[in-house]
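J.: Below: one structure in structure tokens.
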Amino acid sequence: MIWLIAGGLVGWAGLHFFDFNHHRGLVLASLIAAAGGFIGGNSLAPMLTSSITEPVIGFNPFALVVAIAVATAAMYVSNEISKRYDI
């Protein structure tokens, strides 16, 4: 759940401060970033951690950083696709 919130906040920040996906609106920009945050926090971060003997249960700051990075990348990629193909 925290990954979705972090992604949504990145979507809001990207829309207002960096003008990513401005023509799509706040809801769609937040959904794109929330999906990126969910994928980064739940799928990518566990693959990048090397702690095989002790699984991380609960909050992990590294996973939050990965979720924010993937959400930002999702916002950037969707913005570039939108500009390139005019959709």
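The values are calculated or read from the model by the stated rules, or taken from the named source; none is laboratory data. These numbers come from a predicted model, not from an experiment. Glycine gets a Cβ as well: all are built from the backbone with ideal geometry, and neighbour counts include every protein chain shown. Keep in mind that these areas ignore ligands, DNA and RNA; they rest on the heavy atoms of the full protein, side chains included. Shrake-Rupley method; radii C 1.70, N 1.55, O 1.52, S 1.80 Å.
J.: Normalised by the residues of the chain, what does the relative contact order come to in percent, with Cα pairs under 8 Å and at least six apart?
T.: Dividing the mean separation by the residue count of the chain yields 38 percent.
J.: Treating the angle as unsigned and between 0 and 90°, give the value, to the nearest 10°, between the Cα long axis of helix 61-85 and the longest Cα principal axis of the chain.
T.: Helix 61-85 sits roughly 30 degrees off the main axis of the chain.
J.: Calculate the spin-label point distance for Phe18 paired with Ile2, positioning each point 7 Å from the Cα along the beta-carbon direction, and give it in nanometres.
T.: A separation of 2.2 nm, rounded to one decimal place.
J.: Taking the convex hull of the Cα atoms, report for segment 1-44 its projected area averaged over all directions, in nm².
T.: 2.6 nm²
J.: Taking 0.36 nm per residue of sequence separation and subtracting the Cα-Cα distance, how much length would be gained by fully extending the chain between Ser82 and Leu9, in nm to one decimal?
T.: 24.2 nm
J.: Using Cα-Cα distances under 8 Å and only pairs 6 or more residues apart, what relative contact order does segment 1-41 have, in percent?
T.: Relative contact order, segment 1-41: 54 percent.
J.: Follow-up question, since we're still on this one. Rounded to the nearest 10 Å², what accessible area does Val70 have for a 1.4 Å probe in the complete protein model?
T.: That residue has around 40 Å² of solvent-accessible surface.
J.: Per 5 Å bin, what percent of the C-alpha pairs of the chain does each bin hold, from zero upward?
T.: 3, 18, 26, 20, 14, 9, 6, 3, 1, 0
J.: Oh, and also: How tilted is helix 26-39 with respect to the longest principal axis of the chain? Cα atoms for both, answer in degrees (0 to 90, nearest 10).
T.: So the inclination is approximately 30 degrees.
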